1. Checking residue B:133 against (1) facing chain A (nearest Cβ under 8 Å); (2) buried (at least 16 other Cβ atoms within 10 Å of the Cβ): exactly one of these is not met. Which one?
2. Do we find that residue A:126 is more than 30 Å from residue B:102 (Cα to Cα), in contact (Cβ under 8 Å) with a residue 40 or more places away in the chain and in contact with a strand residue (DSSP E or B) (Cβ under 7 Å, 6 or more places away or on another chain) in this structure?
3. Among the residues of the stretch A:133-164, how many are assigned to a strand (DSSP E or B) and touching a residue at least 40 places away in the same chain (Cβ under 8 Å)?
4. Only one of A:97, A:122 is more than 10 Å from chain B (Cβ to nearest Cβ) and farther than 15 Å from residue A:34 by Cα. Can you tell me which?
5. Among the helices (runs of 4 or more DSSP H) lying completely within the stretch B:1-100, list those that include at least 2 residues that are under 24 Å from residue B:147 (Cα atoms) and out of contact with any strand residue (DSSP E or B) (no Cβ under 6 Å at 6 or more places or on another chain).
6. Can you confirm whether residue A:50 is within 30 Å of residue B:95 (Cβ to Cβ), more than 7 Å from chain B (Cβ to nearest Cβ) and without any contact (Cβ under 8 Å) to a residue 60 or more places away in the chain?
7. Specify which of the listed residues (B:40, B:29) is in contact (Cβ under 8 Å) with a residue 12 or more places away in the chain and more than 20 Å from residue A:59 (Cβ to Cβ).
């Protein structure tokens, strides 16, 4: 059973009560958060963000990939954010596989070549946060006066723990 | 005034009432959504998603970048999603600049070379959705039985319009 019709019905209900149609494009709280795509994490909820408050960038792992840097550059340079927050989490899928394993699955199941793709898995959660914070801080395309702080979200407690 | 202390205070309140600590890692509704990072869009809210329901991938534009494909592959192959939904939106920042303009700003302000970066701006909103849906559908690393549907979210009305 496709879930899309249910999502569209929920959107109809959201739109029926919608009162946020006049918000400006730049994030009101001038912050951008980079968070894992994990389904258990709802960053707007666990950070108390309202519509219009913050850019939310998400990918597998919450990694500071080239594409996350692209988004962060657009965020501060064109839309005025001044703080970046990086959030990984406990029990992350990225701790459960290696590049070779995933490439092997794609080769066996789809006869597809993923040898050129780094899926960015990691084996040390805190270290992955520190690495990604450092990648952002050291980018020549991001000025030093933007603060970058890294956290781990605990999926058991819903609580953030600062790492770097 | 940094906003981070306010976000952490909000997280304390969230954790104090947290009751979702036993959710499994795979998304319960087996869906993955790719959405723009724009602050006005809260996809969990406008799609009726609860904690644990869906992967949420977000970047500047909601583009099907290589990194979004990396995340989508991990989403279906390791965590069992079966439907992908792509969501761009009206009044998007990606409609307001060109690569050359942003590269020039970074050169002038930071003396930094961004000539190798495609920031993935677009000039036709509906066409950008169609392109990204097509990029995902045609990837040899994503099987044909995963459905991919594209939408535009209207920031004035809060309503989704199907494009492709």
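1. (1)
2. So residue A:126 fails the test.
3. Of the residues in the stretch A:133-164, 8 are assigned to a strand (DSSP E or B) and touching a residue at least 40 places away in the same chain (Cβ under 8 Å).
4. Exactly one residue qualifies, and that residue is A:122.
5. Helices (runs of 4 or more DSSP H) meeting the threshold: B:43-47, B:66-79.
6. Yes.
7. B:40
Conditions (1) more than 10 Å from chain B (Cβ to nearest Cβ); (2) over 19 Å from the mean Cα position of the chain (by Cα); (3) closer than 20 Å to residue B:55 by Cα; (4) exposed (fewer than 14 other Cβ atoms within 10 Å of the Cβ), marked per residue:
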site	(1), (2), (3), (4)
A:102	no, yes, yes, no
A:109	no, yes, no, yes
A:116	no, yes, no, yes
A:162	no, no, no, yes
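None of the figures in this text is laboratory data; all of them are computed from the coordinates on show. Just so it is clear, the structure is predicted and the values come from calculations on it, not from any experiment. Neighbour counts are summed over all protein chains in view; Cβ atoms, including those assigned to glycine, are modelled from backbone coordinates with ideal geometry.
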